[in-house]
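Report on the structure given below.
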Amino acid sequence: MLNPATGAMLYALELPPEGGTTSWVDLRAAYAGLPERLKRAVEGKRAIFSYIKRLAGYQGADRVISEEARRKTPPITHPLVHTHPVTGRKALYLDSTTTTGIDGVDGSALLEEIYAFATRPQFVYRHHWQVGDAVLWDNGLTMHRREPFDPLARRLLKRTTIFLSRDRHIVPEGSPADDH
């Protein structure tokens with residue numbers, strides 16, 4: 001999205017007997033730990049995001065995107081590296097479920113190398129849900145994913161999406177991918 005949410009919260013109400021663990025990557029720590037050659041490779045670059053890529057991982061009717069949703073979520077670019085407006089710390093900005101490439105970079109080798117580095121265990125928090133848990137996160141500083149669980153099991157979490165001021169939070173400067 002051109003103006004993505006700054007954060008979200010999940011609150012667990014019902015959980016499957018196993019699976020469904022959620023992991024978050026600390027994209028500040030991952031950026032800080034990048035070898036200098038990778039920092040140079042990503043600095044000033046824009047990542048290309050497409051919601052269509054996320055839908056490809058869904059099952060059945062969930063894979064279909066309406067024309068309205070397609071209009072609201074066209075391919076977008078965002079800077080691959082952001083600087084937090086308060087702390088001055090840099091963070092990567094990418095998401096393995098929607099990032100399709102890096103503008104001006106052929107192939108996916110650089111993106112794959114960044115993912116492989118950023119998802120090392122020292123940068124990942126894994127949350128094993130219990131009923132009543134609430135987890136809040138900052139989209140500008142984390143990347144998250146849920147692990148599979150039995151599709152016949154119930155998993156009910158309530159989600160709240162948060163939009164905060166860019167004066168104190170990373171709010172990426174998006175632009176249509178066609179402009180690049």
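The values are calculated or read from the model by the stated rules, or taken from the named source; none is laboratory data. Note that the coordinates shown come from a computational prediction; the quantities given were computed from them, not determined experimentally. Neighbour counts run over all protein chains shown; Cβ positions are idealised from the backbone, glycine included. Calculation scope for accessible area: heavy atoms of the full protein, side chains included, ligands and nucleic acids excluded. Shrake-Rupley method; radii C 1.70, N 1.55, O 1.52, S 1.80 Å.
Springs between Cα atoms under 10 Å define the GNM used for the chain, and in it the highest mean-square fluctuation of PRO74, PRO151, PRO17 occurs at PRO151.
Here the simple spin-label model places points 7 Å from the Cα toward Cβ, and for VAL131 and ASP150 these points are separated by 1.6 nm. Apply the Debye scattering formula to the chain, with a single equal point scatterer on each alpha-carbon and no solvent, then give log10 I(q)/I(0) at q = 0.20 Å⁻¹. At q = 0.20 Å⁻¹ the computed log10 ratios are -1.57. Solvent-accessible area assigned to carbon and sulfur over the chain amounts to 52 percent, based on a 1.4 Å probe.
When the chain is treated as a Gaussian network with alpha carbon springs shorter than 10 Å, the biggest mean-square fluctuation among GLU68, GLU113, GLU36 belongs to GLU68.
Using the Cα centre as the reference, give the magnitude of the dipole from point charges on the C-beta atoms of the chain (Lys, Arg: +1; Asp, Glu: -1; all else neutral), rounded to the nearest 20 debye. Each step should come with its number before you reach the end.
Numbers: 24 positive and 21 negative charges, 55 e Å.
I would put it at about 260 debye.
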